[in-house]
Structure formats: C-alpha cells, structure tokens
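Peer 1: I'd like to ask you about the structure that follows.
The values are calculated or read from the model by the stated rules, or taken from the named source; none is laboratory data. This structure is a prediction, so every number in the text was calculated from the model and none was measured. Here the Cβ positions follow ideal geometry from the backbone for every residue, glycine too, while neighbour counts run over all protein chains shown. Ligands, DNA and RNA are stripped out before the accessible areas are found, and what is left, the full protein with its side chains, is counted by its heavy atoms. Shrake-Rupley method; radii C 1.70, N 1.55, O 1.52, S 1.80 Å.
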Amino acid sequence: MRFLIIHNQAAGNRSNAIFEFERALLQNGDEAVMRVTDGSIRVESLLDDAGQYDAVVVSGGDGTASSALYAMRETGVPILHFPAGTSNLLSVNLENPTESVALAKMVRERRTLSYDLGELELENKPDEQGRPWRTGFDIIAGAGFDAAIMEQAASLKGVLGPAAYLAAALTTPSLKVSRITLELDGRVEECEGTCVLLVNFGKISGQLSITPDNDPRDGLFEVVVIKARQTVMLLPVVIAAFMGREGELLKRSDVASIYKAREVRVAADPPLTIQYDGEPTGILTPFRARALPRTVNLVVSERVQEAAARSLPQG
C-alpha cells in the first residue's frame, strides 16, 4: 500500500508522535512519503499528487486538517486526521482513538464515511485575481467574540494547550453587540448578537456540543447567533453539557437563535472579525459560506461506520 503523510511541525505541542504512528502503519512492501511543513509552506501545495495514494494522513491541528480536506475535496481518497494540534476537534467529532496503533489499523482498513465541508468566501480579502478569497473549513466558521478569543489564545497555546481558549475567554468579560443580517438560502433574518457560528461538526470537546441535533452529513449548516453580552452568561451552557444536556440551553431564545441553511451570507454593524476552524483571519465581515455535501472521505472506526448505517432510513 502507498501512503502520503503530511506533517505540520508547528502544530500544537510539536509532538513527534507521527513517527511512532508511521512505524505502526507500515508493513512489508509498503511505501510511505512524508512531507513536512513548519507552517511557511501551504498544506495545499503538498497534495498535488494525493490521488496516487491509497490513503492520506494529515498530522496537525484543525487548521491544517481543513486546508488539506478542502484541497482534497471530491477526490474520494481516504483521509485520516492524525491529532497533533491543540484541540483536534475533527478527531473529537469523529470519536477517533488517540493511540498510534489504533489509528494505523484504521488507515490500513480504509473504512470511510463521506462528510460535508464548508467553503468560506471573505468579501474584504481579495485573491490574486481581485475576487473574494476562498478557503475551506470542516468544523466551524464564525465571526464575533469567538474570533477575538482565537486571536488572544494564539500566543498562549504553546504553554497552556486547550486551556488557552478558556484563559482568553476570561479576559474578555464584555462582548461587542452587533446588528446582524443573515441571508439564508435567499431569505433574510435580522437580529442582535455578539457572535455568529456556522456549524458543520458541532462538538467543541468530548462532552460539549454547540447544538443538540448536529449532522455533518446533511448538506446544511446550523447557523447560530449568540446573544449573550457577557462571557459569564455562557457558563451555564458548559455546565448543562456536563450534566448530559448537550446544546439544550442554546434552544432558549434569550441565549441564541439557530437556523439551518446551505448557503449563508453574514453582515454585521459594527463589523465582526472572522475565524475558521480556530484560525483567526483578522478580516472583518461580511462573508459568504456554502456547504459542500459529502465531499470528503474520512477514515472512521468500525463503530462509527456501523452507527451511521443504523441511522439510515429503512425501506
């Protein structure tokens, strides 16, 4: 078998676990190509020949994974996210194991499910041709206090790991409120809020899910407008999740409004800063996004694949 491994050395705590994984993966006659970046080389540029391999392994955080998945959309190649970042939310949402031997076994079995991706278009950031810049995201894109927290956490992640996000949140007690205009598959909704989230995968930890009915294979975003004006108002959401009521509090109209749509445009007055998959852009709204239904094949465990089969409509 032939494997391509993309490794971001600058991700997370800069662990060398990917080399242990490689040793567990390879058997007699196999070929593995590893391409490394320190963050200065775009992940997409390392994937031009990805279709020639039996599987691709992407070692890094969620930003590395989203770049790779977007570059490999519609190729059909099995992809594994090797969790080497700070939060590794893609692996959390897929309920993948963390042990190298178990992950290597999954890659060799090449058991996959097709999942949605999001495509983000930043209207205030032109590309080389002067058109709005585009990129992909697999977990969440958004604008507002979440982007502010990502920016503040960036310098802390190397020391605090996932706790950097909590530390950043606690230094932002008051949240900026904007008048938000949403275009949702052609219809317009207006409201006030401090944050807009376009959710593809909904879990932000092993226990905490932003919304209760998230489905990353339905071709739709869950569009969440957070109305809380102070960080402390969001603490009950976390508490409720750990009490087994994932996402329930966000059903309350005074905390959030939730919509579903495939194509979305977000504008805000005053404008809000945009982030995707934990990557702050420094760019302000407006932005557009569209769901790309079941456009990537992700390596999953046998248990997850069987659970997906059981959820299919009968008859």
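Conditions tested, residue by residue: (1) under 26 Å from G76 (Cβ atoms); (2) in contact with a Gly (Cβ under 8 Å, 6 or more places away or on another chain).
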residue: E99; (1), (2): no, no
residue: V107; (1), (2): yes, no
residue: R111; (1), (2): yes, no
residue: Y115; (1), (2): yes, no
residue: Q129; (1), (2): no, no
residue: D138; (1), (2): yes, yes
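Table: residues versus (1) at pLDDT below 50; (2) more than 18 Å from the chain's Cα centre (by Cα); (3) within 17 Å of A141 (Cα to Cα).
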site	(1), (2), (3)
G193	no, yes, yes
G206	no, no, no
T211	no, no, yes
L250	no, yes, no
Y259	no, yes, yes
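Peer 1: Going through the range 68-113 one residue at a time, which ones are of a type in the set (S, T, Y) and either surrounded by fewer than 24 Cβ atoms within 10 Å (Cβ to Cβ) or out of contact with any Lys or Arg (no Cβ under 8 Å at 6 or more places or on another chain) (or both)?
Peer 2: Y70, T75, S87, S91, T98, S100, T112, listed by residue number.
Peer 1: Name the one entry in T285, T281, T273 that is more than 18 Å from the chain's Cα centre (by Cα) and either of a type in the set (V, I, T) or modelled with pLDDT of 95 or more (or both).
Peer 2: The match here is T285.
Peer 1: Search the range 282-294 for residues that are in contact (Cβ under 8 Å) with a residue 12 or more places away in the chain and β-branched (V, I, T) and pair each with any residue that is open to solvent by 60 Å² or more (accessible area, probe 1.4 Å) and part of a strand (DSSP E or B) when their beta-carbon atoms are under 7 Å apart and the residues are at least 6 apart or on different chains.
Peer 2: I283/N124; I283/K125
Peer 1: Conditions: (1) exposed (fewer than 15 other Cβ atoms within 10 Å of the Cβ); (2) touching a residue at least 40 places away in the same chain (Cβ under 8 Å); (3) of a type in the set (G, A, S). G51 meets all but one. Number of the miss?
Peer 2: (2)
Peer 1: OK, next. Of all strands (runs of 3 or more DSSP E) completely enclosed by the range 177-223, which ones contain at least 2 residues that are under 25 Å from V296 (Cα atoms) and open to solvent by less than 10 Å² (accessible area, probe 1.4 Å)?
Peer 2: 195-199
Peer 1: Has the range 37-50 got at least one residue that is within 14 Å of the chain's Cα centre (by Cα) and in a loop (DSSP other than H, G, I, E, B)?
Peer 2: No: the range 37-50 contains no residue that is within 14 Å of the chain's Cα centre (by Cα) and in a loop (DSSP other than H, G, I, E, B).
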